[in-house]
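To start, the structure itself, in structure tokens.
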Amino acid sequence: MRGRSLPAGDYGFGDLRIADRVETESETITAARVDAFADLTGDRFAIHMSDEAAQFAGFRGRVAHGLLVLSMIDGLKNRAPAQFRAIASLGWDWSFSRPVLVDDSVRAVFSVQSKRATSDGRRGILSLGVEVSNQRGEMVQLGRNKLMVWR
């Protein structure tokens, strides 16, 4: 089922239908971002820090941290012209399908897979399917996000 791509606006629980989707802009994963993420988290695994180590492991160049990419995708969602009227993220079920290298660009599509109202009648829970692709259209990350939204 292919839903509508939501135009710019603010969407609450009642505004959304199954298969509606929010498409983000793309953003480039720079070496500076990988370095800053390594500084912030302390994750200095060799394939993230040097081309030589990444190439020795069989990659073309430095590999971005998977969690850096996931974090950037969440940020892209929160800056998209179409916005979910979100309260809180309730969790992620996530897979890293392909490496994201320094200087790759990523974008995401968030699609409503299911929705249920909460018992208080003020909020709802969305299950969002998420597909992350690079500049070549290759799927690099894939998963689900449970998002609490206002009704």
Residues being surrounded by fewer than 18 Cβ atoms within 10 Å (Cβ to Cβ), out of contact with any Leu (no Cβ under 9 Å at 6 or more places or on another chain), within 15 Å of Val140 (Cα to Cα) and not acidic (Asp, Glu) - total across the stretch 67-105: 4
Sole exception among (1) closer than 25 Å to Arg17 by Cα; (2) of a type in the set (Gly, Ala, Ser); (3) out of contact with any Lys or Arg (no Cβ under 7 Å at 6 or more places or on another chain); (4) in contact (Cβ under 8 Å) with a residue 60 or more places away in the chain for Gly66, by number: (1)
Members of the stretch 106-128 that are surrounded by fewer than 15 Cβ atoms within 10 Å (Cβ to Cβ) and either closer than 26 Å to Ile29 by Cβ or free of Cβ contacts under 8 Å to residues at least 40 places away in the same chain (or both): Arg116, Thr118, Ser119, Asp120, Gly121, Arg122
Selected residue (only one of Gly3, Gly66, Gly9 is at positive phi and of a type outside the set (A, V, I, L, M, F, W, C)): Gly9
Selection status of Val109, assigned to a strand (DSSP E or B) and not charged (D, E, K, R): yes
Count of residues meeting criterion [touching a helix residue (DSSP H, G or I) at 6+ places or on another chain (Cβ under 9 Å) and not in a loop (DSSP other than H, G, I, E, B)] in the stretch 56-86: 9
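Just so you know, all these numbers are worked out from the coordinates, no wet-lab data involved. Nothing here was measured: the structure is a model prediction, and the numbers come from that model. No Cβ is skipped: glycine too gets one built from the backbone with ideal geometry, and neighbour counts run over all protein chains shown.
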